[in-house]
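Here is the structure we will look at.
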Amino acid sequence: MPESRDPQQPGGEPSGQPAAPELPPVLPLELSPAELAAVLDDPATRDRVCLVDVRESWERDQALIEPSVHLPLGTLHALGPSVLPPETAGREVVFYCAHGVRSVSAMSIAHRFLAERGHGVHHLRGGQAAWEAWQLEREARALDQLEQLDQLERDERPPVRAVLFDWGGTITPWHTIDHRGQWTAFAEGHASVAGPRDGLVDELMRAEELVWKRSRAEHTSSRFDEVLAAADVEPDSEATRAGVAHYQKHWEPHTFTHPQVRELWTALRDNGIRVGVLSNTLWTRDYHRAIFARDGVLDLIDCDVYSSEIAWTKPHPEAFRAAADAIGVPAHECAYVGDRSFEDVYGPQQVGMRAIWVPHSQIPAAQQVSHDATPDAVADELTDIIAIVQRWNARG
Ligand SMILES: [Mg+2]
């Protein structure tokens, strides 16, 4: 069964004692923003300097360098260096101001006083303005580096040679399914041959709920006939065949293939890319294929894997490996497309597949699982996948 209801579900050397950190033997009298940042960024040296801001309070309210203490130049000038804040005790003192003029005056006032107490005295060249400009440059450089790394990583990935698709909510538009309705339909069909059976609908609902709970918790698969057996329904009988016919009729409106699928799959195949399906489902291969045939897309599928035929369900890595093996393309050269971020993004990325997320489904909160995976691409329309894969492959 597909996954649009709950089921529409269908990974140096030993350092010994480190030497005590030392500041450079002599910090320059005038520090550039880069030199100051190097001192502040290093946990081994940052506590050995004290920045003293000699601007006015209103300037400090606008922007400041942290950590720093405040002593306006006017106060230092009027009262002398004995008013230096206690935080300066035992540390190299670096004065700074707006542009590096007042900080030079502060140095000249405090130099002798501090030198007698063994302090080094310095100032920040260009002041707060130079500091801010340098910070902006640093951020830009970091962004540049990130982009370069990103590009490098993309360039190193091989082209995509197969795209595998989820079924419910992906190539079949999401529908919220009436759980009880589908089993009521089954029970009606069953009763038309075997007569009514009290409690059958509840038993089937409980049995199905159990297998989907197990699928979500343990990522192990189940089959439709296991659900029937759990509800004491003979899998192969005339009554069951009548029940299945009613059940499938109930499902029919929710099984139609998205109208963009034929265009999408044709374009992918025209680009030399294989097309596959990997679905978490209770239903049989025959039932799924009959749906694809009805909708005129079966001929475009190179490979289809249904969890009802293997031991695992998505997002178990083995489910994705099984699909990669079946389509004959290594996992890292496959992309997977799906609507559930845990099963269909986190899942395939565990085995090195790229993941394209189709964020259109109203996944019930109880079925959502938190994770850190980020899709490699997001497709707002199914046909967007053509350009996504072409872009990846143009880089490769
Ligand atoms: Mg789905």
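Quick look at the numbers
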| item | result |
| --- | --- |
| FRET efficiency estimate (nearest 0.05) - Cβ-Cβ, Gln350 to Glu66, R0 35 angstrom | 0.25 |
| Mean ellipticity per residue at 222 nm, deg cm²/dmol - from DSSP H runs of n ≥ 4 across the chain, formula -39500 (n - 2.57) | -13000 deg cm²/dmol |
| Estimated dipole of the chain in Debye, rounded to 20 [Cβ of Lys and Arg +1, of Asp and Glu -1, Cα centre] | 620 |
| Gain upon complete extension [Ala290, Asp198; 0.36 nm per residue less C-alpha separation] | 29.9 nm |
| At 0.890 mPa s and 25 °C, Stokes diffusion of region 328-396 via Kirkwood alpha-carbon radius, µm² per second | 195 |
| Exposure proxy ranking, count of Cβ atoms within 10 Å, fewest first, for Asp53, Asp325 | Asp325, Asp53 |
| FRET E, pair Arg391, Ala37, Förster distance 51 Å, beta-carbon r, rounded to 0.05 | 0.85 |
| Order of Leu64, Leu124 under a 10 Å beta carbon neighbour criterion, fewest first | Leu64, Leu124 |
| Pairs of Cα atoms farther than 19 Å apart, region 30-133, % | 35 |
| Gyration tensor over alpha-carbon atoms, the chain, equivalent ellipsoid semi-axes in Å | 69, 24, 19 |
| Fully extended contour minus Cα-Cα distance, from Ala311 to His99, at 0.36 nm per residue | 69.4 nm |
| Per-residue HN-Hα couplings for region 377-392 [Karplus 6.51, -1.76, 1.60; θ = phi - 60°; Hz; x = Gly/Pro] | 7, 10, 10, 6, 10, 4, 5, 4, 5, 4, 5, 4, 5, 4, 5, 4 |
| 5 angstrom amide H check on Val305, placed H, neighbours 5+ away | Val277, Leu278, Ser279 |
| Other-chain or far-sequence residues with amide H under 5 Å of Phe95's (modelled H) | Val52, His122, His123, Leu124 |
| Nitroxide proxy distance, nm - points 7 Å out along Cα→Cβ at Glu137 and Arg46 | 2.2 |
| For region 93-110, Karplus couplings with θ = phi - 60° (6.51, -1.76, 1.60), whole Hz, Gly/Pro x | 9, 10, 7, 8, 9, 6, 10, x, 9, 5, 5, 5, 4, 4, 4, 5, 5, 8 |
| Positive minus negative residues near Glu203 (Lys, Arg vs Asp, Glu; Cβ under 14 Å) | -4 |
| Other-chain or far-sequence residues with amide H under 5 Å of Thr172's (modelled H) | His258 |
| Approximate spin-label separation Lys213-Glu116, in nm, with each point projected 7 Å along Cα-to-Cβ | 8.2 |
| Charge dipole magnitude, Cβ of K and R +1, D and E -1 - region 255-369, Cα centre, debye nearest 20 | 100 |
| Residue order, fewest to most surrounding Cβ atoms within 10 angstrom, among Thr281, Thr88 | Thr88, Thr281 |
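Taken together, the values in this text are just the output of simple stated rules run on the coordinates, not laboratory data. From a predicted model like this one, the values you see are computed outputs, not experimental measurements. Neighbour counts are summed over all protein chains in view; Cβ atoms, including those assigned to glycine, are modelled from backbone coordinates with ideal geometry.
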